[in-house]
1. Which one is most open to solvent (accessible area, probe 1.4 Å) among residues in region 246-258 that are touching a helix residue (DSSP H, G or I) at 6+ places or on another chain (Cβ under 8 Å) and not aliphatic (A, V, I, L, M)?
2. How many residues does region 385-415 contain that are farther than 23 Å from LEU460 by Cα, surrounded by 14 or more Cβ atoms within 10 Å (Cβ to Cβ) and of a type outside the set (Ser, Thr, Tyr)?
3. Tally the residues that are at positive phi and among the small types (Gly, Ala, Ser), restricting the search to region 202-233.
4. Could you check region 292-306 and list, in sequence order, the residues that are assigned to a strand (DSSP E or B) and closer than 16 Å to PRO353 by Cα?
5. State which residue pairs qualify: first residue without any contact (Cβ under 8 Å) to a residue 40 or more places away in the chain and inside region 273-285, second residue among the basic types (Lys, Arg) in any location, beta carbons under 6 Å apart, and separation of 6 or more residues or different chains.
6. Go over the candidates VAL106, VAL114 one by one and state the one that is closer than 18 Å to LEU267 by Cβ and open to solvent by less than 20 Å² (accessible area, probe 1.4 Å).
7. Quick check on region 227-244: of everything there that is open to solvent by less than 30 Å² (accessible area, probe 1.4 Å) and in contact with a strand residue (DSSP E or B) (Cβ under 9 Å, 6 or more places away or on another chain), which residue is farthest from LEU189 (Cα to Cα)?
8. Report, by residue number, each residue of region 28-49 that is assigned to a loop (DSSP other than H, G, I, E, B) and modelled with pLDDT of 85 or more.
Amino acid sequence: QERDAEWNWIPNWPVEISESPGSSPTEREIKNSQMDFPKELDIDDPEERNFYILYNDWDGNKKGIYKVEDTSVRQLEIQEYLRYPEIISLDSLVYFGTLSSGTLAVGVTCLDGVRVFSLSTEGERFTSPEWSLNEMEAPDTQNCQVVFSPDFAESGVIFAATSSSFARSHKDVLIPISLMDVSGEINQLSPSPRFSVDRTLFLNYGNKDILKLVLAEDYRLEQAERILFVSEGFNPAKIKIEPLSNYFVFVFEIEANRFWLTKNGGLSWTKRKITIEMMDIEVVDEETVWAAGKDSMVYQSKDTGKSWPLRIRSGIKWLQEIELGPGTKILTVGGIKENSFETISLLEERGEPEFLPVLPVSGTYQDMVYTPQDRSIYCLVNSQLYRFPIKGKSWEEITGPGGGTTEMIVSSQGLYLSSSPRVYFSSLPLSEDSQWEQLETEESWRGCRLTKLEKKINLLFFWDYSRIFLYLHQILEEEPEEEILPKPVEPELVEPESVEPKPVEPQPKKPEVVEPEVVEPEVVEPEPAKPEVIEPELIEPPAEKLLPPQLAPEKPGKGLTVSIVFNIVQFLVIIFLIIVIIRLRRWLFG
C-alpha cells in the first residue's frame, strides 16, 4: 500500500527473524536473504501481516526458513536436514496462494545435487512441518532457483533453474528440461533394445553431455534433451553407453573408475565409483555387470555396481576386452604385452580360465564377437576374419569381403562387417564359401550400430561428428531352411493331378452289385426226375459261366442267354426220353 516512508511505524517492530532472541546472525554474518508474501498481504491488518523469509550466513551454521505472523516468528525447519546433513545453502523461496491456503517452495543446494522442498499451509500446522521433496541427483549443480507454474493449482508443477540445468517437478523428482546448450561431437551412440517400440537413442555430444533422442514413426527427430551433464568432463572416445531399455541406462568411462546409472530415463542419476580402473565393461542385466580391470582380473557385480565381490583371474597378462560368451561364460582377449592380441580365454564364475588356441596371426586386433546362432567365436585381426567353433579344436580362416573391415556387428540373421563407407553382410554360419552382400551407404561415418525391426529387416545407425543417418536393410538371401521350400512345392502341384484313384472309385465296386446271381434258376426243378443223368451236364456249365461275370461284369446278358438255351435243350432231352420209353414199352408188351 502507498504511504509516506516511515520506518518501524508498526508496533513492536523491527522483528528479529529467530525463534529464540539473540540467535539470529548479525548483519555482517548474513550472506543472503529472500522473502515472499501471500497475495492478500495487508500490512495495516495485524492478522494478515504474514510473510516468509530465508537467509544464509557465511559459516552456514545459522541458515534457516521462517514464517512471520505479525510480530511472532516461527522456524519452519526442514526435517530432511537430518537426512541431508550435506546441505550447503538455501537458495530461493517462493509462495503460491492466499493467506489461508497455499504452498511454500524452497530451492536447496546439496553436495550431490539440488533439492526442491515444498510445504502446504496445512503442513505448517504440525509441530514438525511436513515438507514434500523433489530431488534431482545431478552432481555439480548449485544455486537452485524455484518458481511456480502459472497453473500450479491444477498441475502442481514447480520449475527449478540451477547453475547447469533447467527442470520441472514430477512426483518426487525433478525432470531435466534441456535447453540444448551443448557443443561437441558424437563419439558413441546406442539405440534402446526396444527401439522398434520406443524409438529412443542415447549418445554423447562432446565431453560433458549425454543426450536422449526420440524419433517419430517416420524416423525424423521428434524430441532431444540433455539428460546427463558432467561438469568435470569425460573422455568421449572412452564413453560406453549401455541401455537395457529406454529407462534403464548405464554410462561407463573406460580406463577410469566411475560410471553413471539412471533407472528412469534420465530424470535422476546415480554416480558410482569403483576401486579398479576399468578396461572394458559388459552388462548382462539390471543387476549383473562384468568389468575387466587394468590389473588383468575380471570382476563381477550382482547389485548394479554397488559392490564387486567376485574377482576372477583371466590368465592374460594384458587384458583389453571382454565379451559375453556362451551361457554364463565371459570371453576375454589380450596378450603378453600392451597392445598385443593373441590370447583368448573363457571364464566362469567359478573355476580356472579355459584358454583357446592362440590366434593364427599376430597383428592389429580389431574386434571379437560370440554368435549364439552357430555357437562360434569370430575374431578380426589385420582385417582378416577367423572363426572358432565352441566345440572345435582350431581357428578357421573365413573368406571375408576385404576392404579393410574394422568392426563386427552380430544380428540374429548373420554378421555385418563395417568399413566406412561400406558395410558387408553374410548369413550365419560363415564358411569359405560364404557370399557377402555389400551395402553402399554413400556416406563416410565414424561409427555404426544396429537394431532389429522385423524378422528380416534391420535398421543400421551411422553417425559422423554431428549427423546421424539411418539405413534400412532388408535381408534378401533365403535362410538354408527356406531355400528347400520351393522343391516340395512341385509334388504338391502334381498331387491333385495324380488323383488316379478316380477310375478305380466307382467301377470296381459295380461288379459287387452284379445281377449274375440270377443264375439261381440253374438249380432247376427237373433235377428230381433223373439226378444221375443230369449231374454231369448240369453242374459244369454253370460253374464255367459264373466266372466270366466276375472278370467281365459289363456283359451280364450273356450268362442269362446261355442259361435259357440250356433249359430248352434239357426240355427236349426229357421229351425224347419219354418217347423212347413209350415205344420201348409198346414193343415189350405189344
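The values are calculated or read from the model by the stated rules, or taken from the named source; none is laboratory data. These figures come from a predicted structure and were not determined experimentally. With ideal geometry, Cβ positions are generated from the backbone for all residues, glycine too; neighbour counts draw on all protein chains shown. Heavy atoms of the whole protein, side chains included, go into the accessibility calculation; ligands, DNA and RNA do not. Shrake-Rupley method; radii C 1.70, N 1.55, O 1.52, S 1.80 Å.
1. Initially, region 246-258 is screened for residues touching a helix residue (DSSP H, G or I) at 6+ places or on another chain (Cβ under 8 Å), giving 246, 253-256.
Next, only the ones that are not aliphatic (A, V, I, L, M) stay: 246, 253, 255.
Details: ASN246: 30, GLU253: 18, GLU255: 82 Å².
Filtering first and then ranking leaves GLU255.
2. Just the residues of region 385-415 that are farther than 23 Å from LEU460 by Cα, to begin with: 386-399.
From what's left, surrounded by 14 or more Cβ atoms within 10 Å (Cβ to Cβ): 386-390, 392, 395-396, 398-399.
If we keep only those that are of a type outside the set (Ser, Thr, Tyr) too, we end up with 387-390, 392, 395-396, 398.
Looking only at that region, the number is 8.
3. Here is the first cut: in region 202-233, the residues at positive phi are 206, 219, 233.
Still in the list and also among the small types (Gly, Ala, Ser): 206, 233.
Here the count works out to 2.
4. First, the residues of region 292-306 that are assigned to a strand (DSSP E or B): 292-293, 297-301.
Hits for region 292-306 are ALA292, GLY293, MET297, VAL298, TYR299, GLN300.
5. The qualifying pairs are LYS273/ARG258; GLU277/LYS294.
6. Working: VAL106 fails: closer than 18 Å to LEU267 by Cβ.
Among VAL106, VAL114, only VAL114 is closer than 18 Å to LEU267 by Cβ and open to solvent by less than 20 Å² (accessible area, probe 1.4 Å).
7. Initial filter on region 227-244 (open to solvent by less than 30 Å² (accessible area, probe 1.4 Å)): 227-228, 230, 233-234, 239, 241, 243.
Cutting the leftovers down to in contact with a strand residue (DSSP E or B) (Cβ under 9 Å, 6 or more places away or on another chain) gives us 227-228, 230, 234, 239, 241, 243.
On the way: ILE227: 14, LEU228: 14, VAL230: 17, PHE234: 15, ILE239: 10, ILE241: 7, PRO243: 10 Å.
Filtering first and then ranking leaves VAL230.
8. Of the residues in region 28-49, the ones assigned to a loop (DSSP other than H, G, I, E, B) are 28-29, 37-45, 49.
Passing the criteria: ARG28, GLU29, PHE37, PRO38.
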